[in-house]
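Written out below as structure tokens is the structure these notes cover.
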Amino acid sequence: MTAAIEVSGLSVRYGEIRALEDVDLKLDAGRVTGLIGMNGSGKSTLFKAMMGIVRPDQGEVRIAGRTAAEARKHGTIAYVPQSEDVDWNFPVSVHDVVMMGRYSHLGWTRRPGRADRVAVAEALDRVELSEYAGRQIGQLSGGQRRRAFVARGIAQEAGILFLDEPFAGVDKRSEATIVRLLRELAADGRTILVSTHDLHALPELADEAILLLRRILFQGSVSEALRPESLARCFGLDPLEQDAVS
Ligand SMILES: Nc1ncnc2c1ncn2[C@@H]1O[C@H](COP(=O)(O)OP(=O)(O)OP(=O)(O)O)[C@@H](O)[C@H]1O
């Protein structure tokens with residue numbers, strides 16, 4: 001089976017800072033992968049490099065046979081950003097946000113047609129936000145905001161979905177809804193990569209896990225990734241243990 005995403009020998013620097021070093025990974029379609037790493041370990045940089053937003057110093061990214069930049073241009077990748085990277089006061093409705101996913105599909109008039117409106121309505125329905133379509137995006141809860149961005153990716157018909165910390169600031173019920181939704185989207189054949197600090201959600205969420213600390217420390221089963229010795233290498237301590245005592 002050809003990997004949907006193949007990264008080889010990827011290194012990224014910001015001036016003197018080495019954010020990623022010699023990263024190799026393969027992600028297959030139909031699977032959810034959890035990307036685990038402490039703050040500053042390079043998770044966002046990895047997403048950006050795989051979307052062709054930051055240029056690698058070395059190595060390459062192939063997305064379904066294309067370069068990262070080509071794949072982004074073709075709308076192959078949808079990105080759900082970290083909450084703090086979004087201006088929630090921006091005067092757009094939930095419907096408008098989801099319609100943004102159709103931009104790569106719009107014809108020469110650049111005006112949404114019937115097919116675009118249908119795609120947006122179906123995406124909103126899929127994430128159970130139809131009744132919120134007219135609301136300003138900032139008037140949604142944390143979990144609903146994430147679902148609106150997932151709907152944007154569905155409307156975009158993206159085969160690949162990257163989510164950067166989708167559970168941060170989200171209550172348990174919304175978290176469970178997002179986990180269920182991502183599992184369904186993977187079952188449809190999408191490739192899903194989710195960065196998260198929420199290790200407790202991992203067994204239900206992900207088919208496999210990657211531990212990142214500038215380099216890939218581990219890629220494999222969730223149960224192995226969650227072993228104390230694996231986490232100790234990734235975080236320098238065992239965070240599950242920390243949660244239990246705090
Ligand atoms: N635009 C930038 N300019 C300079 N340094 C940067 C830039 N973006 C990230 N870095 C640095 O690169 C390293 C990796 O950062 P990155 O944001 O990829 O980590 P992260 O794992 O996503 O962290 P977090 O969990 O806090 O979001 C960090 O040392 C960070 O300070």
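The values are calculated or read from the model by the stated rules, or taken from the named source; none is laboratory data. Computed from a predicted model, the values in this text were never measured in an experiment. Here the Cβ positions follow ideal geometry from the backbone for every residue, glycine too, while neighbour counts run over all protein chains shown.
Here is the figure for segment 62-112: residues that are closer than 18 Å to VAL194 by Cβ and hydroxyl-bearing (Ser, Thr, Tyr) total 3. Which one is surrounded by the fewest Cβ atoms within 10 Å (Cβ to Cβ) among residues in segment 1-20 that are over 15 Å from the mean Cα position of the chain (by Cα) and more than 15 Å from the ligand (Cβ to nearest atom)? Residue satisfying both the conditions and the ranking: MET1. Out of curiosity, is LYS73 without any contact (Cβ under 8 Å) to a residue 60 or more places away in the chain and closer than 15 Å to GLY159 by Cα? Against the criterion (without any contact (Cβ under 8 Å) to a residue 60 or more places away in the chain and closer than 15 Å to GLY159 by Cα), LYS73 qualifies. Name every residue in segment 35-53 that is in contact with a strand residue (DSSP E or B) (Cβ under 6 Å, 6 or more places away or on another chain) and over 12 Å from PHE162 (Cβ atoms), in order of residue number. Scanning segment 35-53 gives ILE36, GLY37, SER41, GLY42, THR45. Check every one of the helices (runs of 4 or more DSSP H) wholly within segment 29-138 and list those with 1 or more residues that are among the acidic types (Asp, Glu) and surrounded by 14 or more Cβ atoms within 10 Å (Cβ to Cβ). Once the helices (runs of 4 or more DSSP H) in segment 29-138 are filtered for at least 1 residues that are among the acidic types (Asp, Glu) and surrounded by 14 or more Cβ atoms within 10 Å (Cβ to Cβ), what remains is 68-73, 94-99, 114-126. Screening VAL94, VAL23, VAL61 for residues that are at pLDDT 95 or above, aliphatic (A, V, I, L, M) and within 13 Å of the ligand (Cβ to nearest atom) leaves exactly one candidate, VAL23.
Output the residues belonging to segment 26-47 that are within 12 Å of the ligand (Cβ to nearest atom) and aliphatic (A, V, I, L, M). Of everything in segment 26-47, those that are within 12 Å of the ligand (Cβ to nearest atom) and aliphatic (A, V, I, L, M) turn out to be LEU35, ILE36, MET38, LEU46. On inspection, MET50 passes the criterion of being more than 9 Å from the ligand (Cβ to nearest atom) and hydrophobic (A, V, I, L, M, F, W, C). Looking across segment 197-214, the residues that are in contact with a Leu (Cβ under 7 Å, 6 or more places away or on another chain) and within 22 Å of ASP22 (Cα to Cα) come down to ALA209, ILE210, LEU211, LEU212, ARG214. Taken over segment 199-214, residues that are more than 12 Å from the ligand (Cβ to nearest atom) and surrounded by fewer than 19 Cβ atoms within 10 Å (Cβ to Cβ) amount to 5.
Taken together, PHE167, PHE162 contain a single residue that is buried (at least 18 other Cβ atoms within 10 Å of the Cβ), in contact with a helix residue (DSSP H, G or I) (Cβ under 8 Å, 6 or more places away or on another chain) and part of a loop (DSSP other than H, G, I, E, B), which is PHE167. Might you check whether a residue that is among the basic types (Lys, Arg), closer than 19 Å to VAL170 by Cβ and in contact (Cβ under 8 Å) with a residue 12 or more places away in the chain occurs anywhere in segment 120-139? Scanning segment 120-139 turns up at least one residue that is among the basic types (Lys, Arg), closer than 19 Å to VAL170 by Cβ and in contact (Cβ under 8 Å) with a residue 12 or more places away in the chain.
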